[in-house]
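The block underneath contains the structure these notes are about, expressed in structure tokens.
The values are calculated or read from the model by the stated rules, or taken from the named source; none is laboratory data. All values reported here derive from a predicted model rather than from experimental measurement. Please note: Cβ atoms are built from the backbone with ideal geometry, for glycine as well, and neighbour counts cover all protein chains shown. We work out accessible area using only protein heavy atoms, side chains counted, and drop any ligands, DNA or RNA first. Shrake-Rupley method; radii C 1.70, N 1.55, O 1.52, S 1.80 Å.
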Amino acid sequence: MSLPDPPDDDRRAFPARLRMLHDALEFVAAFAALKRLSERDLLRLQLVIEELFTNTIMHGYGTECDDPIEIALGAAPGRVTVRYEDAAGPYDPARALATSRVSEPLEQRPVGHLGVHLVAAIVDDMRYARIGGRNQLQIVMRVAG
């Protein structure tokens, strides 16, 4: 069973190529303008998408490829919902947070793995499902208005 679609769903798919990040962020900016999100909320949303997009390419697929990254955006009063999907290997950010070593001294931690903490600090809810060989991540962020 897949995660529910965001309300007022606006969706696009992008090849998993770093040069497509610009298009993905423009898609988010156009959505934010249409929904009259504040500049602060737009920047928070773009930061989340940038982190997810680059991690999918660099760590999920391990390289650039033409496999799609799908982003669906929805808005309801006081919140934005993002549904982010890719076909990379299974990766549950909530589980990664639970097993994180970020509280250990710096010299004892592995390099990286901070992006999921950044995303978790920005969003209000994050749910993961693996359906039909695809990662589905649903994120809810509170926004002004």
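Each residue in region 61-79 was checked for being without any contact (Cβ under 8 Å) to a residue 12 or more places away in the chain and acidic (D, E), and 0 of them qualify.
Of the listed requirements (1) farther than 18 Å from V140 by Cα; (2) modelled with pLDDT under 95; (3) open to solvent by 70 Å² or more (accessible area, probe 1.4 Å), R11 misses just one: (1). Give the number of residues within region 126-138 that are in a strand (DSSP E or B) and out of contact with any Lys or Arg (no Cβ under 8 Å at 6 or more places or on another chain). Of the residues in that region, 7 qualify.
When restricted to residues that are over 18 Å from G74 (Cβ atoms), among the hydrophobic types (A, V, I, L, M, F, W, C) and buried (at least 19 other Cβ atoms within 10 Å of the Cβ), region 42-64 contains 2. Restricted to region 118-145, and to residues there that are open to solvent by 50 Å² or more (accessible area, probe 1.4 Å) and more than 14 Å from Y84 (Cα to Cα), the residue that is modelled with the lowest pLDDT is G145.
Is it true that some residue in region 101-115 is touching an Asp or Glu at 6+ places or on another chain (Cβ under 8 Å) and either modelled with pLDDT under 60 or surrounded by 10 or more Cβ atoms within 10 Å (Cβ to Cβ) (or both)? If you could, list the steps in order and put the result at the bottom.
So in region 101-115, the residues touching an Asp or Glu at 6+ places or on another chain (Cβ under 8 Å) come out as 115.
In the following step, the residues that additionally are either modelled with pLDDT under 60 or surrounded by 10 or more Cβ atoms within 10 Å (Cβ to Cβ) (or both) were identified as 115.
Looking for residues that are touching an Asp or Glu at 6+ places or on another chain (Cβ under 8 Å) and either modelled with pLDDT under 60 or surrounded by 10 or more Cβ atoms within 10 Å (Cβ to Cβ) (or both), one finds at least one in region 101-115, hence yes.
Please go through region 62-78 and pick out each residue that is modelled with pLDDT of 95 or more and not small (G, A, S). Correct list: T63, E64, C65, D66, D67, P68, I69, E70, I71, L73. Every test in (1) touching a helix residue (DSSP H, G or I) at 6+ places or on another chain (Cβ under 6 Å); (2) closer than 20 Å to A13 by Cβ is passed by A87 save one, and that test is (1).
Take the residues in region 21-40 that are closer than 18 Å to Q138 by Cβ and touching a helix residue (DSSP H, G or I) at 6+ places or on another chain (Cβ under 7 Å); name whichever of them is surrounded by the fewest Cβ atoms within 10 Å (Cβ to Cβ).
As a first pass, look at region 21-40 and keep what is closer than 18 Å to Q138 by Cβ: 24, 27-28, 31, 35.
From the residues that got through so far, the ones that are touching a helix residue (DSSP H, G or I) at 6+ places or on another chain (Cβ under 7 Å) too are 24, 28.
Values: A24: 19, V28: 25.
For region 21-40, the residue satisfying everything is A24.
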